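Accompanying notes for the structure given below.
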Amino acid sequence: QVRLVESGGGLVQPGGSLRLSCAASGSDGSINLMGWYRQAPGKQRELVATITRGGSTVYADSVKGRFTISRDNAVNTLYLQMNSLKPEDTAVYFCHADRIAPSRRYWGQGTQVTVSS
């Protein structure tokens, strides 16, 4: 089955940047939609951004203009470039990959992002 491993999280000061990666294996070319969700303490899990295999993107209003989602299909890796980070961006970030035929959503274990002085 598909395995997803996130990396790149850590502690950063407000206004700083981080780049998250999500390496996928075992897809055999069957993955279409991929994306990032996040969950902060005491808050609901929320969509950050999604991207199709062809590169079409969707962003949450809270991150528009600051975050960029991308993917490199040649190396089966999803990315999230996060700029101008704010304390409210602090959360565990999870990547997902949606397989077709049969339909199934896979999740990574998450990576912690903390924005604080």
Exercise. Determine the pairs where a residue that is closer than 11 Å to S84 by Cβ, located within region 6-20, has a partner that is modelled with pLDDT under 95 and assigned to a loop (DSSP other than H, G, I, E, B) with Cβ atoms under 9 Å apart, the partner being 6 or more residues away or on another chain.
Key: P14/S117
Quiz item: From the set of residues in region 58-87 that are in contact with a Ser or Thr (Cβ under 7 Å, 6 or more places away or on another chain) and among the β-branched types (V, I, T), which is modelled with the lowest pLDDT?
Solution: T77
Quiz item: Looking at A97, A60, A91, which is the one that is surrounded by 14 or more Cβ atoms within 10 Å (Cβ to Cβ), within 19 Å of G15 (Cβ to Cβ), within 14 Å of the chain's Cα centre (by Cα) and of a type outside the set (V, I, T)?
Solution: A91
Quiz prompt | Members of region 26-49 found to be within 14 Å of R71 (Cβ to Cβ), part of a strand (DSSP E or B) and open to solvent by 20 Å² or more (accessible area, probe 1.4 Å), listed by number | solution = N32, L33
Quiz item: Under 9 Å by Cβ, and 6 or more places apart or on different chains, what pairs join a residue from region 29-46 that is aliphatic (A, V, I, L, M) with one that is open to solvent by less than 50 Å² (accessible area, probe 1.4 Å) and in a loop (DSSP other than H, G, I, E, B)?
Solution: I31/V2; L33/T52; M34/T52; A40/T90
Exercise. Would you check if there is a residue in region 7-18 being in a loop (DSSP other than H, G, I, E, B), surrounded by 14 or more Cβ atoms within 10 Å (Cβ to Cβ) and on the phi > 0 side of the Ramachandran plot?
Key: yes
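The values are calculated or read from the model by the stated rules, or taken from the named source; none is laboratory data. It should be emphasised that the depicted structure is a prediction, and the values quoted were computed from it without experimental measurement. With ideal geometry, Cβ positions are generated from the backbone for all residues, glycine too; neighbour counts draw on all protein chains shown. Areas reflect the complete protein model, heavy atoms only, side chains present, ligands, DNA and RNA absent. Shrake-Rupley method; radii C 1.70, N 1.55, O 1.52, S 1.80 Å.
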